[in-house]
Amino acid sequence: MIHIKNNEQMAMMLKAGRITGEAILKAREHIKEGVSTKEIDNIIHDYIIRCGATPTFLGYGGFPGSACISLNDEIIHGIPKKDRILQEGDIVKIDTGACYRGFNGDSANTFGVGKISAEAQALIDVTKESFFRGIEFAKSGNRIGDIGFAICDYASSRGYGVVRQYVGHGVGAELHEDPEVPNFGTPHRGQRLYTNMTLAIEPMINIGTYDVKVLRDNWTVVTADGSLSAHYEHSVAITDGEPILLTKVE
Amino acid sequence: MSENIYPSVGGVCVSLTGHDAGMLFILIGMRNDKALLVNGKQRKISNPKTKNYKHISILSMLPDCSVERIKVGSIKDNEIIHQLKIAKRELLK
C-alpha cells in the first residue's frame with residue numbers, strides 16, 4: 001500500500017532525512033586509509049543517536065550495523081567489520097537510515113579513499129548523474145517507469161551495468177514501503193506518482209555486468225564479475241514541480 | 001537500503017501463468033531476470049524451466065540444509081521430489 005504523507009508527516013520525514021544526510025557527511029570526514037568500516041559505522045551510529053533519532057538499519061532483518069558499508073566490488077549491504085580496513089584507491093559506499101519520531105530517512109553515497117583510478121571516478125560521477133537524470137521525472141503525474149528509464153538509459157548508454165535485482169522503494173513510517181522503484185523501466189508505465197509520496201531512489205551501477213551474487217554472510221551483495229560498483233541514493237518527496245531531496249544536506 | 005525484488009532461492013513456488021499454472025516447483029536460481037524452476041520429474045536440475053519471476057508466487061521455503069545444497073549445487077532430483085511431496089502435504093493441511 002502506498003502512503004501519501006500529510007504535512008506533519010512530511011516535517012518528520014524532512015528531519016529524519018536531514019539527520020541521515022548529516023550522518024553520511026560526518027562519516028565522509030573520517031574516510032581515509034587505515035580506518036576500519038566498523039569505525040565509520042560507529043561514527044554514524046553515534047551521530048544519529050546524538051540527534052535524538054534511531055539508526056533504522058540496526059537490527060533491520062537482523063542486519064548487525066547502523067550503516068551498510070561496502071567496498072569496491074561490493075554493491076550494497078556490506079557489514080561493517082573491525083578487520084575491514086580502508087586502503088588507498090578503494091571506493092566505499094555508505095548507506096544508512098535514521099528514524100525520527102516514527103519516520104525514516106534513507107540515503108547512500110560513494111566516496112573514494114585517497115586517490116582513486118580514473119575509471120572509478122567516472123563510475124561515481126555517472127552513478128550520481130544517473131540519479132539526477134532520474135529525478136527529473138520524479139514529479140506528480142509521471143510514472144515510476146519514467147524514473148527507471150531515465151536512470152538506465154543514461155548509465156547503459158555509457159556502457160555500465162544497472163543492477164536489476166535490487167531496487168529503490170517507498171520510504172516513510174517503514175523503511176521499505178510500496179512502490180518498488182527499479183532503476184530500469186519503460187516510460188509511461190508503472191505506478192503513477194502523486195504529491196507527497198516519498199521514495200528512496202537509488203541507482204546501483206556496475207562497471208561490468210548487472211549480475212550480482214550474495215556472499216555467504218547472506219547480506220553483502222557483490223558484482224558477479226568482480227567489477228567496481230557505485231551507489232547513490234536520496235529519499236525524495238514528490239511535488240507538482242521539482243522533487244524535494246529530503247536527505248540532501250550541503 | 002535497497003529492496004531485493006527477486007524471489008528467494010529454495011522457495012517452493014506455484015506457477016501463476018502458462019500451461020503449467022498451478023503446478024509446484026522449487027526455485028533453484030535466477031538467470032537473466034528469469035527464475036529457474038525444477039520439480040525433479042519433467043523439469044530436472046540439469047534442465048530447469050525458465051519463467052518470469054513475476055509469474056510465480058513463493059508459498060514456503062525449503063529447510064536451510066536443502067537451501068544450502070541448492071546454493072552449492074549439490075542437491076539431487078530425488079531430494080527435490082521428496083521436498084515437494086512434503087511441501088504439498090503441508091500446504092494441504
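Mind checking whether some residue in region A:178-193 is part of a loop (DSSP other than H, G, I, E, B) and basic (K, R)? Full working, then the answer.
Taking region A:178-193 and keeping what is part of a loop (DSSP other than H, G, I, E, B), we get A:182-191, A:193.
Now drop any that are not basic (K, R), which leaves A:189.
Within region A:178-193, one or more residues are part of a loop (DSSP other than H, G, I, E, B) and basic (K, R).
Of all residues in region A:65-85, how many are within 13 Å of chain B (Cβ to nearest Cβ) and either in contact with a helix residue (DSSP H, G or I) (Cβ under 6 Å, 6 or more places away or on another chain) or not in a strand (DSSP E or B) (or both)?
7
Give the residues of region A:47-63 that are within 13 Å of chain B (Cβ to nearest Cβ) and surrounded by fewer than 24 Cβ atoms within 10 Å (Cβ to Cβ), sorted by residue number.
Start the filter on region A:47-63 by keeping residues that are within 13 Å of chain B (Cβ to nearest Cβ), which leaves A:55-63.
Matches in region A:47-63: A:L58, A:G59, A:Y60, A:G61, A:G62, A:F63.
Which one is farthest from the other protein chains (Cβ to nearest Cβ) among residues in region B:6-57 that are among the aliphatic types (A, V, I, L, M) and touching a Lys or Arg at 6+ places or on another chain (Cβ under 8 Å)? Quick ask: steps written out before the conclusion?
Residues of region B:6-57 that are among the aliphatic types (A, V, I, L, M), as a first pass: B:9, B:12, B:14, B:16, B:21, B:23-24, B:26-28, B:30, B:35-38, B:45, B:56.
Narrowing the set further to residues that are touching a Lys or Arg at 6+ places or on another chain (Cβ under 8 Å) leaves B:9, B:24, B:35-38, B:45.
Working: B:V9: 9, B:L24: 24, B:A35: 12, B:L36: 14, B:L37: 17, B:V38: 20, B:I45: 19 Å.
Among residues in region B:6-57 that are among the aliphatic types (A, V, I, L, M) and touching a Lys or Arg at 6+ places or on another chain (Cβ under 8 Å), the one farthest from the other protein chains (Cβ to nearest Cβ) is B:L24.
Based on this model, can you work out whether B:E90 counts as among the acidic types (D, E), exposed (fewer than 12 other Cβ atoms within 10 Å of the Cβ) and over 23 Å from A:E180 (Cβ atoms)?
Working: among the acidic types (D, E): yes; exposed (fewer than 12 other Cβ atoms within 10 Å of the Cβ): yes; over 23 Å from A:E180 (Cβ atoms): yes.
Taking the combined requirement at face value, the residue satisfies it.
Which residues, taken from region A:213-226, are assigned to a strand (DSSP E or B) and more than 17 Å from the chain's Cα centre (by Cα)? Break it down stepwise before answering.
Step one: list which residues in region A:213-226 are assigned to a strand (DSSP E or B), which gives A:213-214, A:221-223.
Passing the criteria: A:K213, A:V214.
Sort out for me the strands (runs of 3 or more DSSP E) sitting completely within region B:13-93 that have 2 or more residues that are farther than 22 Å from A:V212 by Cβ.
Passing ranges, in order: B:24-31, B:56-61.
Can you tell me which condition A:S156 does not meet? The list is (1) over 25 Å from A:A11 (Cβ atoms); (2) touching a residue at least 60 places away in the same chain (Cβ under 8 Å); (3) surrounded by fewer than 19 Cβ atoms within 10 Å (Cβ to Cβ), and all the others hold.
Against the list (1) over 25 Å from A:A11 (Cβ atoms); (2) touching a residue at least 60 places away in the same chain (Cβ under 8 Å); (3) surrounded by fewer than 19 Cβ atoms within 10 Å (Cβ to Cβ), A:S156 comes up short only on (2).
Where a number appears in this text, it was derived from the coordinates with a stated rule and is not lab data. All of these numbers come straight from a predicted model, not from anything done at the bench. Glycine gets a Cβ as well: all are built from the backbone with ideal geometry, and neighbour counts include every protein chain shown.
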